[in-house]
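As structure tokens, the structure follows; a few thoughts come after it.
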Amino acid sequence: MSNFLTTAAYPTAGWKEDNLKELTGIPDDYRIAAMVFIGYEGSPDHLDEKNKEREKTRTPRKALDEVIHYDKW
């Protein structure tokens with residue numbers, strides 16, 4: 001998450017490309033490579049209990065040497 005003047009940006013994966021293209025009007029001959037949701041953060045009080053708990057925990061990340069390669073795979 002990135003913050004700038006009370007806005008938040010959340011990169012995401014796992015969307016349904018056909019549905020997203022229909023929703024946004026992106027032509028069929030284009031591919032969606034990344035999605036970043038940008039908006040104002042709301043109060044956690046508006047979340048259900050499951051999502052309140054998710055906001056309290058950090059998603060585990062792989063070590064950099066597992067995802068970054070230089071001059072070899």
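Read the figures in this text as sums done on the coordinates, not as results from a lab. Please read all numbers here as calculations on a predicted model, not as lab measurements. Cβ coordinates were reconstructed from backbone atoms using ideal geometry, including for glycine residues, and neighbour counts include every protein chain displayed.
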Original post:
What pairs can you find where one residue is in region 27-44 and under 20 Å from Glu55 (Cβ atoms), the other is small (Gly, Ala, Ser), and their Cβ atoms are less than 6 Å apart, with a gap of 6+ or different chains?
Top reply: Val36/Ala9; Ile38/Ala9; Glu41/Ala8
**OP:** For region 1-50, name all the residues that are surrounded by 10 or more Cβ atoms within 10 Å (Cβ to Cβ) and touching a helix residue (DSSP H, G or I) at 6+ places or on another chain (Cβ under 8 Å).
**Re:** Ile26, Ile32, Met35, Pro44, Leu47
